[in-house]
Amino acid sequence: MSEVLLRTVRRVGTSGAPSDVRVVDGRVTAVAPAGTLEATDADTDVVEAAGAWLGPGLVDHHVHFDQWALVRRRVDVSTADSAEATADLLHAVARTGVADRVLIGHGYRDGMWPRPPRRELLDRVDPRLPVVVISGDLHAVWCNAAALEHFSGVLGRPLSTGDDGVLREQDAFDVTGALSRVPDEVLDGFVADAVDAAAARGVTRVRDLEMVFGLDRWTRRVQAGTDGLRVDSGVYPNDLDAAVARGLRTGDVVPGTRGLVRMGPFKVITDGSLGTRTAAMTSGGGVLAYAFEDLVEMVRRAVDAGLVPAVHAIGDRANTLALDVFETVGARGTIEHAQLLADTDVERFARLGVAASVQPEHAMDDRDVADRYWAGMTDRAFPFASLDRAGATLLLGSDAPVAPLDPWVSMAAAVGRDRGGREPWHPAERLAVLTAWRGSTEGGRVGVAVGDVADLVLLEADPLDTTGSGPLRRARVLGTAIAGRFTHRDV
Ligand SMILES: [Zn+2]
């Protein structure tokens, strides 16, 4: 038996009367007034929590974990407000000589730039060194001439762009994919660091929607001791047959992973993105990746094999299509992003049992771009409160590396729809803090009760007692545990 005794915690969702909480073999077995529970064993891990707030572990419902682990080590250009400023940032790094093979920037958003990107600006950073900048939404990469030549060789096909040097959609995904092919042991080291960082923000589980089928990679990592997160690892159409052949249904534990790795959802992308202007719009424009009949067939095959669909849809036309697919197949699942919705589609989420898997920080990153490209439509963009009122289940996530893998950032953006002192954007769509919290916790739980699996966080302050988004963004996590085992501990 292994026992953990948490002394003097206040439980989220209660008035805050101090309690002792006992965890035995990974489950909460007792909750009692503070000072009344004793350790039953000499080996009991006694945690003096001194009034810290105890809640369920946090979940990030949409991450690209390997990308995130890689991006954490790339040049962050997200603060640059023009093509020239981006090139200057990269130039400063190039001069330090740290990039020996390829100089990689990450996070540019050109929707509001006064002038579009130009290849020549990156040629000037370094004419011989391949320089590539990945857009914040991952749907575009901006290259210099050396990078275009380099990646044409790596991918074995000519890559051509206009004067902007920008590759979009599949070309961009292929280049990003090539950049991600670092040796396993290197990547696993990056991932181990990123797992620790996630645990330090209270995360106990992620839904990993990395484009490369991940069950074997995560199994290898857990077996090598990277055991600080639970991971639901999704599968894309390319690997659907391979996934089906394993006979694992969504939610099944992958053998040899100590219960940490589970088969995730079947992820399929139906359209592009707002930032790259490829989201499929009812008003016209954008791209649809599949015909309706093909989507239905693919989703049906996945559902028949026990896989839960997670359908990426950004534009209103893509969301209508995705809901139509769920309705036709008769399956439940999630729509990933749900950024722009037709008024008539909002109520369909609850009715069809489709959860809205949303990334609130995208609204903060993209509010100006949306005001420009979705002008006149932004009252139905990122409609969190409308979805909640209509009875939909909201699941919060980061889409890391698009936004930081930090549920507090997601919750703050959902609750405040503000950042950096700006006025809230469409404040009517702000989410109640309780809904944001439940969209970020294991199983949508508010608090901790006897019988729960002891995936837990210890917090400095009550997350539900917050006015405004600032305190949420800065929330301090004192401890994180998976099945009673601490993955982060500051108490
Ligand atoms: Zn994503």
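Which of the residues spanning the range 321-368 are closer than 22 Å to A428 by Cβ, β-branched (V, I, T) and within 16 Å of the ligand (Cβ to nearest atom)?
If the condition is that a residue be closer than 22 Å to A428 by Cβ, β-branched (V, I, T) and within 16 Å of the ligand (Cβ to nearest atom), then I335, V358 are the ones that fit.
Here R72 qualifies as more than 16 Å from the ligand (Cβ to nearest atom), under 21 Å from L138 (Cβ atoms), charged (D, E, K, R) and crowded, with 17+ Cβ neighbours inside 10 Å. Taken together, the residues in the range 165-184 that are over 21 Å from A289 (Cα atoms), among the polar types (S, T, N, Q) and free of Cβ contacts under 8 Å to residues at least 40 places away in the same chain amount to 0.
If you go through the range 390-403 and keep only what is farther than 10 Å from D60 by Cβ and either touching a Lys or Arg at 6+ places or on another chain (Cβ under 7 Å) or more than 13 Å from the ligand (Cβ to nearest atom) (or both), you end up with A390, G391, A392, T393, L394.
Screening D137 on (1) under 24 Å from A194 (Cα atoms); (2) at pLDDT 95 or above shows it passes everything except condition (2).
Note on the range 20-65: residues that are part of a strand (DSSP E or B) and either within 16 Å of the ligand (Cβ to nearest atom) or of a type in the set (D, E, K, R) (or both) total 10.
Scanning the range 198-238 for residues that are within 16 Å of the ligand (Cβ to nearest atom), in contact with a Lys or Arg (Cβ under 9 Å, 6 or more places away or on another chain) and part of a helix (DSSP H, G or I) yields a single hit, P237.
Residues that are among the charged types (D, E, K, R) and crowded, with 24+ Cβ neighbours inside 10 Å within the range 390-417 comprise D399, R417, listed in sequence order. Just the residues that are surrounded by fewer than 16 Cβ atoms within 10 Å (Cβ to Cβ), of a type in the set (A, V, I, L, M, F, W, C) and not in a helix (DSSP H, G or I), please, taken from the range 281-320. A291, the sole residue that qualifies. Residues in the range 421-444: is at least one more than 24 Å from R476 (Cα to Cα), in contact with a helix residue (DSSP H, G or I) (Cβ under 7 Å, 6 or more places away or on another chain), outside any loop (DSSP other than H, G, I, E, B) and not hydroxyl-bearing (S, T, Y)? Yes: the range 421-444 contains one or more residues that are more than 24 Å from R476 (Cα to Cα), in contact with a helix residue (DSSP H, G or I) (Cβ under 7 Å, 6 or more places away or on another chain), outside any loop (DSSP other than H, G, I, E, B) and not hydroxyl-bearing (S, T, Y).
Name the residue, out of L323, L341, that is touching a residue at least 40 places away in the same chain (Cβ under 8 Å) and crowded, with 21+ Cβ neighbours inside 10 Å. One residue alone meets the criteria, L341. Restricting attention to the range 379-399, the residues that are out of contact with any Leu (no Cβ under 7 Å at 6 or more places or on another chain) and outside any loop (DSSP other than H, G, I, E, B) add up to 5.
For (1) modelled with pLDDT under 95; (2) among the small types (G, A, S), each residue gets a yes or a no:
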position: V12; (1), (2): no, no
position: T36; (1), (2): no, no
position: A49; (1), (2): no, yes
position: S78; (1), (2): yes, yes
position: E84; (1), (2): no, no
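Given the options V409, V415, V369, V402, name the one that is part of a loop (DSSP other than H, G, I, E, B) and in contact (Cβ under 8 Å) with a residue 12 or more places away in the chain.
Working: V409 fails: part of a loop (DSSP other than H, G, I, E, B); V415 fails: part of a loop (DSSP other than H, G, I, E, B); V369 fails: part of a loop (DSSP other than H, G, I, E, B).
After ruling out the rest, the residue left standing is V402.
If you go through the range 384-399 and keep only what is under 22 Å from D418 (Cβ atoms) and either modelled with pLDDT under 95 or over 14 Å from the mean Cα position of the chain (by Cα) (or both), you end up with F384, A385, S386, L387, D388, R389. Only one of the numbered conditions (1) more than 23 Å from F292 (Cβ to Cβ); (2) at pLDDT 95 or above is not met by A403, and that is (2). Against the test of being among the small types (G, A, S) and over 30 Å from G55 (Cβ atoms), the options G202, G107 yield a single qualifying residue, G107. Condition first: farther than 28 Å from R489 by Cα and free of Cβ contacts under 8 Å to residues at least 12 places away in the same chain. Can you find one or more residues in the range 218-237 that meet it? Checking the range 218-237: not a single residue is farther than 28 Å from R489 by Cα and free of Cβ contacts under 8 Å to residues at least 12 places away in the same chain. For the range 110-141, filtered to residues that are closer than 17 Å to G272 by Cα and either more than 16 Å from the ligand (Cβ to nearest atom) or of a type in the set (V, I, T) (or both), the residue that is surrounded by the most Cβ atoms within 10 Å (Cβ to Cβ) is V141.
Restricting G162, G153, G105 to those that are outside any loop (DSSP other than H, G, I, E, B), free of Cβ contacts under 8 Å to residues at least 24 places away in the same chain and either more than 16 Å from the ligand (Cβ to nearest atom) or aliphatic (A, V, I, L, M) (or both) reduces the list to G153. Taken together, G259, G228 contain a single residue that is touching a strand residue (DSSP E or B) at 6+ places or on another chain (Cβ under 8 Å), farther than 17 Å from V191 by Cβ and modelled with pLDDT of 95 or more, which is G259. Beta carbons closer than 7 Å, at least 6 apart along the sequence or on distinct chains, pair a first residue in the range 28-41 that is in contact (Cβ under 8 Å) with a residue 60 or more places away in the chain and surrounded by 12 or more Cβ atoms within 10 Å (Cβ to Cβ) with a second that is of a type in the set (S, T, N, Q) and in a strand (DSSP E or B) for V31/S19. Taking into account only those residues within the range 164-219 that are within 21 Å of P255 (Cβ to Cβ) and hydrophobic (A, V, I, L, M, F, W, C), which is surrounded by the most Cβ atoms within 10 Å (Cβ to Cβ)? By that ranking, first place goes to V206.
The values are calculated or read from the model by the stated rules, or taken from the named source; none is laboratory data. Treat the numbers as computed from the prediction; the structure is a model and nothing was measured. Every residue, glycine among them, receives a Cβ derived from its backbone with ideal geometry; neighbour counts consider all protein chains shown.
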